[in-house]
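This report concerns only the one structure given below.
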Amino acid sequence: TRICCVLIMLAIAVATSPFVSAAAPEPVRVVLDDNYPPLSFRDKDGRLQGILIDQWMLWQQKTGVPVLLSGMAWTEAFGQMRSGNFDVIDTISINEERKEWLDFSAPYFNMDVPIFFRRDIGGIAGVESLKGFKVGVKKNDNVGHILRDKGIDDLVEFPDAESVVKAAGERKIVVFAMGKPPSLYYLYKMGLQKEFNFTKASLYDAQFFRAVPKGKAALLQQVEAGFGKITPKEYDEIERRWMGESAEANGLLRYLYWILGCIAAMAGILAIWNLSLKRKVRLVTAEIQLLNEQLEAKVEERTQDLFFFF
């Protein structure tokens, strides 16, 4: 009995001891598209990189909760999330079908989704112009739902953004619809930028969300709260790291600096000239004053001579 009491007391002491650390938080398993620059894509060594990777790493730092990031082709990512193998899916848009099994965060990124077409094709100005064309899309991308809702059913699906642009370059398709940033990224990377135009008006303005399985409100709140701890300045630094600075803005800034430099130089020259002018004025004034004094002395001398004569 005494042994039991001692064991119970030891258990209570251990449980209430301030030196016993709390259990480590469970990691959050996140899946996202690994082929959607500048949000998330792989470097030449296969490592995930991009805006979202940096944001999730900062989320981990702010919350102390480990993040297990997995990047894969969007079709696979979508299927893995649906099978329950991940806690969070990123780079996802909302549609009615997805609302049935996912709960969504607030939108965090807007992206234009225009229609891209070969330059030698005329007459494509919007979705109504697509009838009769096979339209390339990324499989399970929301753009497919948008096109089908608008009566465009002849879609050719590809596993990722790079595959869509590559097929367009090989003329397997002549028209495709996809987010503007990744489309331009791969068009330029493959040297195809001069071969394609895109519509002035977007097919739609895509919003990206993070989503969790339906009913996991606490997890969604944890995700949102963590991203809420990231400051606007930190978000801006990450975005500029991957989006770059505007060459036009930098050129304008250099031009402005050049103008300001010229103004400063002119102001310096004017200041020196002003000081020199003041010095010359003082010298001339002194000379005039001396001449006046000499003249007054001469006049006085002549006056005295005149009085002496008379």
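The values are calculated or read from the model by the stated rules, or taken from the named source; none is laboratory data. Keep in mind the model is a prediction, meaning the values are calculated, not measured. When we count neighbours, we look across all protein chains shown, and the Cβ atoms used for this are built from the backbone with ideal geometry, even at glycine. Accessible surface areas use protein heavy atoms only, side chains included; no ligands, DNA or RNA. Shrake-Rupley method; radii C 1.70, N 1.55, O 1.52, S 1.80 Å.
Worth pointing out:
- Which of F133, F117 is most accessible, then next, and so on - probe 1.4 Å: F133, F117
- In the context of the full protein assembly, Y185 retains an accessible surface of approximately 80 Å², using a probe radius of 1.4 Å and ignoring ligands and nucleic acids.
- Rounded percent of accessible protein surface that carbon and sulfur make up, region 96-247, 1.4 Å probe: 50
- FRET efficiency for the pair K194 and R42, taken as 1/(1 + (r/R0)^6) with r the Cβ-Cβ distance and R0 = 30 Å, rounds to 0.70.
- Taken along the Cα-to-beta-carbon direction at a fixed 7 Å, the label points for L283 and E97 span 9.1 nm.
- Above-threshold pairs, the threshold being 27 Å between Cα atoms, out of K131/K214; K62/K166; K99/K139; K180/K216: K131/K214; K62/K166; K180/K216
- Accessible area (Å², 1.4 Å probe, nearest 10) - F86: 30
- Probe 1.4 Å, all protein chains present, accessible-area order of Y204, Y186, largest first: Y204, Y186
- Between the beta carbons of E170 and Y108, assuming R0 = 35 Å, the FRET efficiency works out to 0.55 to the nearest 0.05.
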